[in-house]
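So the structure is just underneath, and the comments pick up after that.
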Amino acid sequence: MKEQEGVLEQIKAKIESGDMDCVKNDLKGQFEKIIGMRNEAIGYIEASLDLKELDNIKVRFLGKKSMLVGMLKQTGKLDAKDRPMFGSMVNEARAVIETAIQEKIAALKAIVSERSVKRETLDITLPGKRISRGKLHPMETVLSDLKEIFRGMGYTVVDGPEIEKTEYVFDMLNTAEGHPARDEGDTFYINDETVLRTQTSSVQIRTMLKKKPPIAVISPGAVYRFDEVDATHSPVFHQCEALVVDKNITFGDLKGTLETFIKRLYGEEVRLRFRPHHFPYTEPSAEVDLSCFKCGGDGCAFCKGEGWIEMLGCGIVHPQVLANCGIDPKVYSGFAFGVGLERITMMRYEIDDMRLLYENDARFLNQF
Ligand SMILES: [Zn+2]
């Protein structure tokens, strides 16, 4: 820019020092106008803050309607010998303004790009966003272990409806009219023939009606009973029942199966105790206690000093139940047992309140 200023400044200096040999009087005013206009343009360019403003400045000082272009058009009216000097004055002013604009454009672009680099810079020292991972509900974990254990022993997992015929929930399971289990105080009736199933044993009936022996199934699922919610009760809870029907199935098979299942679930050191019991759909029937996981049978707070924990009900399928499903009890026999999934889960993880399993509080669930 300095070099381009050269000619103008030299002439201007000569004009100011009174050396008018090179400049005619009528040109003197023109030269001063050019210099003034050039300085004004430079001032605007330097003060401009964005490219749009620069564009306006360019149009104003170098555009078709600008003073510079207007002056160039006047060149023809000058004396022939004055024209080169006048032309070079105008061209030089134009070049100076153009260069100043280009430099300013470059400077503004540099600022913009510096800003965007700053804005887009990654701060690798910032702590990352933690993505919390979901976990399986403890009952889901227990259920999948259970399925794994039984599938390993050749069982199939079967399912059935939760809204069920009283025929399958009660009648065919030897629970006749008038039996206390059918009481409306215990069971959710939808109508006289339909209930929310009180046990998953109805799936055993469905299975035996569809399939001939050999049968080996487990049927996990939700069941419903008229219970108040407290630490050990809920109107909806979950059971898993097992049913085996084949020739020569004995109580020994039931015991062996339960031993295997319980030890796989809780460990080899757990002992089982069978107590006689009564269920309408099995004969003989038993309840099974496990030696306390905490004290091993000596008695502690966890087992309320008993040394044993009540765990499940089981028995040999009643011959009438087999006959109800069209299976000849003289040829076939079977065993069945049912466990509460909540109970197994609570024992395994030492959870003392069943409600925790349903509340789905993430602080609770994250512990498993
Ligand atoms: Zn104990």
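The values are calculated or read from the model by the stated rules, or taken from the named source; none is laboratory data. This structure is a prediction, so every number in the text was calculated from the model and none was measured. Note that we place each Cβ from the backbone using ideal geometry, even for glycine, and neighbour counts take in every protein chain shown.
Could you check the stretch 76-88 and list, in sequence order, the residues that are touching a helix residue (DSSP H, G or I) at 6+ places or on another chain (Cβ under 9 Å) and within 18 Å of residue 11 (Cα to Cα)?
So in the stretch 76-88, the residues touching a helix residue (DSSP H, G or I) at 6+ places or on another chain (Cβ under 9 Å) come out as 76, 78, 82-83, 85-88.
The answer is 78, 82, 83, 85, 86, 87, 88.
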- request: Of the numbered conditions (1) out of contact with any strand residue (DSSP E or B) (no Cβ under 8 Å at 6 or more places or on another chain); (2) within 20 Å of residue 337 (Cβ to Cβ); (3) within 16 Å of the ligand (Cβ to nearest atom), residue 310 fails exactly one; give the number of that condition.
  value: (1)
- prompt: Taking the condition without any contact (Cβ under 8 Å) to a residue 24 or more places away in the chain, more than 10 Å from the ligand (Cβ to nearest atom) and in the same structural domain as residue 242 (by TED's automatic domain parsing), does residue 298 pass?
  reply: no
message: I need the full set of residues from the stretch 278-288 which are modelled with pLDDT of 95 or more and out of contact with any helix residue (DSSP H, G or I) (no Cβ under 9 Å at 6 or more places or on another chain), in order please.
response: 285, 287
task: Among the numbered conditions (1) closer than 23 Å to residue 144 by Cα; (2) surrounded by fewer than 18 Cβ atoms within 10 Å (Cβ to Cβ); (3) polar (S, T, N, Q), tell me where residue 248 comes up short.
output: (1)
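Regarding residue 263, is this residue surrounded by 14 or more Cβ atoms within 10 Å (Cβ to Cβ), free of Cβ contacts under 8 Å to residues at least 24 places away in the same chain and in the same structural domain as residue 324 (by TED's automatic domain parsing)?
So residue 263 fits the description; yes.
Inspect all residues belonging to the stretch 166-188 and state whether any of them is in contact with an Asp or Glu (Cβ under 6 Å, 6 or more places away or on another chain) and surrounded by 13 or more Cβ atoms within 10 Å (Cβ to Cβ). Talk me through it step by step, then tell me what you get.
In the first step, residues of the stretch 166-188 are kept if they are in contact with an Asp or Glu (Cβ under 6 Å, 6 or more places away or on another chain); the result is 166.
From what's left, surrounded by 13 or more Cβ atoms within 10 Å (Cβ to Cβ): 166.
For the stretch 166-188, residues in contact with an Asp or Glu (Cβ under 6 Å, 6 or more places away or on another chain) and surrounded by 13 or more Cβ atoms within 10 Å (Cβ to Cβ): present.
Any residue in the stretch 270-288 that is within 16 Å of the ligand (Cβ to nearest atom), at negative phi and part of a strand (DSSP E or B)?
Yes, there is a match, as at least one residue in the stretch 270-288 is within 16 Å of the ligand (Cβ to nearest atom), at negative phi and part of a strand (DSSP E or B).
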